[in-house]
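What follows is a single structure, written as structure tokens, with notes after it.
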Amino acid sequence: MESSFLENKYLLISLTFLIYIGAQKLQKVCGLKLLNPILITMCVMMCYLLSFNIDYDTYQEGGRFIEFWLKPAIVALGVPLYKQLSTIRRQMLPLLIAEIAGCVAGLFSVIIIARFLGASQEVVMSLAPKAVTTPIAMEVSSAIGGIPALTAAVVVSTGVFGGIAGFQIIKYSKIKSSIAGGLSIGTAAHAIGTSAAMEQSERYGAYSSLGLTVNGLLTALLAPFLLEIMGLL
Amino acid sequence: MILQFGILLGLLALGELIVNTFGLPIPSSIIGMILLTASLHFGIVKLNQVEQLTNFLLKNLGFFFVPAAIGLINSLGVLKDELLAIVGASIGSTIIIIAVTGQVYQLVRKATSRRNRKDIKLSQEK
């Protein structure tokens with residue numbers, strides 16, 4: 001077999017599909033949340049690329065066709081949001097206050113913990129916007145002096161962690177309603193957490209999309225400002 | 001199905017136009033999502049004109065993140081050097097965000113609904 005075939009874009013893209021489907025099956029059979037398909041596909045494909053010395057740009061020749069659908073998929077979240085619109089309007093105040101609290105708590109906690117564990121300034125800034133969806137997080141990261149590529153990786157890992165452990169955390173922190181649960185998953189773990197919430201119920205998913213939207217907007221608006229305050233502390 | 005693609009991608013394009021025109025720091029996809037919600041609400045777009053496509057996309061939302069996730073391959077160096085801080089801060093703050101958001105929502109909701117109930121009771125007494 002010719003070695004350049006190993007980096008053929010159709011091969012790389014079909015592997016991505018097939019490994020993902022395989023991982024989904026595996027997760028269903030084992031019933032383990034830890035066997036997250038995104039996580040497994042990421043690990044397997046990274047091992048493949050590393051062992052055959054294929055760089056990320058080469059992978060992205062095919063991969064960008066998958067990534068292309070990320071934005072339309074986020075637009076699609078407007079549907080569950082629309083279906084819950086009347087409930088949302090009835091409780092504007094609690095939703096908004098909860099979102100602001102979650103956004104501020106998230107920014108403060110990630111910075112304090114990262115500093116405490118000895119992260120460099122650049123890494124702290126890359127971590128700061130990690131709760132929100134990739135495009136916003138990368139934008140904020142570069143605006144405040146982080147490394148956008150690292151931010152993207154941390155955003156995805158955070159989402160995967162939120163999808164795996166989120167429901168457990170919700171249970172232990174005594175969050176009972178599906179509205180509160182959905183909202184917190186979306187706020188903490190953006191669209192990946194939301195895809196896990198969608199599996200729970202449509203209502204759960206709708207509030208999760210609301211959480212990811214509002215926290216995305218708040219983070220984009222508040223992060224630079226809050227970081228300035230924290231710099232003064 | 002072709003119409004569904006047209007509508008969804010059209011709203012995204014409109015989102016891009018808005019972001020570029022006003023130089024907003026918000027991604028076009030979020031604007032597109034708000035535009036879709038608004039168009040459905042005001043009846044400009046009917047649910048059955050998009051639902052097949054959006055169901056497919058939402059069912060497979062996680063998959064579209066895979067290429068970005070593989071991008072981690074370019075940051076393995078920094079990741080290795082500061083692994084503890086990165087993992088610790090991400091996990092710790094995710095737990096905090098979930099607990100704070102959910103708890104604050106429940107507290108405020110309880111407070112406001114108690115007030116509403118009192119209002120109802122008062123109006124009934126009158």
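The values are calculated or read from the model by the stated rules, or taken from the named source; none is laboratory data. Here the structure is a predicted model, which is why all the values come from computation and not from measurement. Note: ideal-geometry Cβ built from the backbone for every residue, glycine included; neighbour counts use all protein chains shown. For accessibility, only protein heavy atoms count, side chains too; no ligands or nucleic acids. Shrake-Rupley method; radii C 1.70, N 1.55, O 1.52, S 1.80 Å.
General remarks:
- Look at the stretch B:1-10: the mean tally of other chain Cβ atoms within 10 Å of its residues' Cβ atoms is 1.
- Neighbouring partner chain Cβ atoms per residue of A:97-107, average, 10 Å criterion: 6
- Kirkwood hydrodynamic radius (C-alpha pairs) into Stokes-Einstein, segment A:94-162, 25 °C and 0.890 mPa s, D in µm²/s: 203
- Entry note, chain A: the mean residue ellipticity at 222 nm calculated from DSSP H runs of n ≥ 4, each adding -39500 (n - 2.57), is -27000 deg cm²/dmol after division by the residues and rounding to the nearest 500.
- Rounded, prolate or oblate (a/c below 1.5 giving rounded, otherwise prolate when a/b exceeds b/c) for chain B by Cα gyration tensor: oblate
- A straight line joining the Cα centroids of segment A:14-83 and segment B:9-52 runs 25 Å.
- With respect to chain A, whose longest principal axis is taken over its alpha-carbon atoms, helix A:92-116 is tilted by about 60°.
- Three-way shape label, chain A, alpha-carbon gyration tensor, a/c 1.5: oblate
- Ranked packing of A:10-20, A:108-118, A:45-55, B:30-40, most packed first, by mean Cβ within 10 Å: B:30-40, A:108-118, A:10-20, A:45-55
- Lys/Arg +1, Asp/Glu -1 at C-beta; segment A:44-140 dipole; positive extreme among A:Gly78, A:Phe68, A:Val124: A:Gly78
- For chain A, the relative contact order comes to 17 percent (Cα pairs under 8 Å, sequence separation of at least 6).
- Carbon plus sulfur fraction of accessible area for chain A, probe 1.4 Å, in percent: 65
- Simple Cβ-charge dipole of the protein assembly as shown, Lys/Arg +1 and Asp/Glu -1, about Cα centre, in debye nearest 20: 2080
- Binned Cα-Cα distances of segment B:1-64, short to long, each 5 Å bin given as a whole percent: 4, 17, 24, 27, 16, 9, 2
- Accessible area per residue, Å², chain A with all protein chains present, probe 1.4 Å: 43
- Peptides B:10-20, A:190-200 ordered by average Cβ neighbours within 10 Å, highest first: A:190-200, B:10-20
- Relative contact order of segment A:189-233, defined on C-alpha pairs under 8 angstrom at six or more residues apart (%): 30
- Residues in segment A:117-138 occluded by at least 30 Å² - accessible area, probe radius 1.4 Å, against chain by itself: A:Leu117, A:Val123, A:Leu127, A:Lys130, A:Ile136
- Minimum 20 Å² accessible area buried by the other protein chains, segment B:41-65 residues, probe 1.4 Å, relative to alone: B:His41, B:Leu47, B:Glu51, B:Thr54, B:Leu57, B:Leu58, B:Leu61, B:Gly62, B:Phe63, B:Phe64, B:Phe65
- Relative to the longest principal axis of the Cα atoms of chain A, the long axis of helix A:148-172 lies at roughly 60 degrees.
- B/A buried area, accessible surface, summed, 1.4 Å probe, Å²: 7300
- Dipole-positive endmost among B:Leu79, B:Leu14, A:Gly146 within the protein assembly as shown (Cβ charges, Cα centre): B:Leu14
- For the peptides A:221-229, B:70-78, the ranking by packing is B:70-78, A:221-229, with the highest mean count of neighbouring Cβ atoms within 10 Å listed first.
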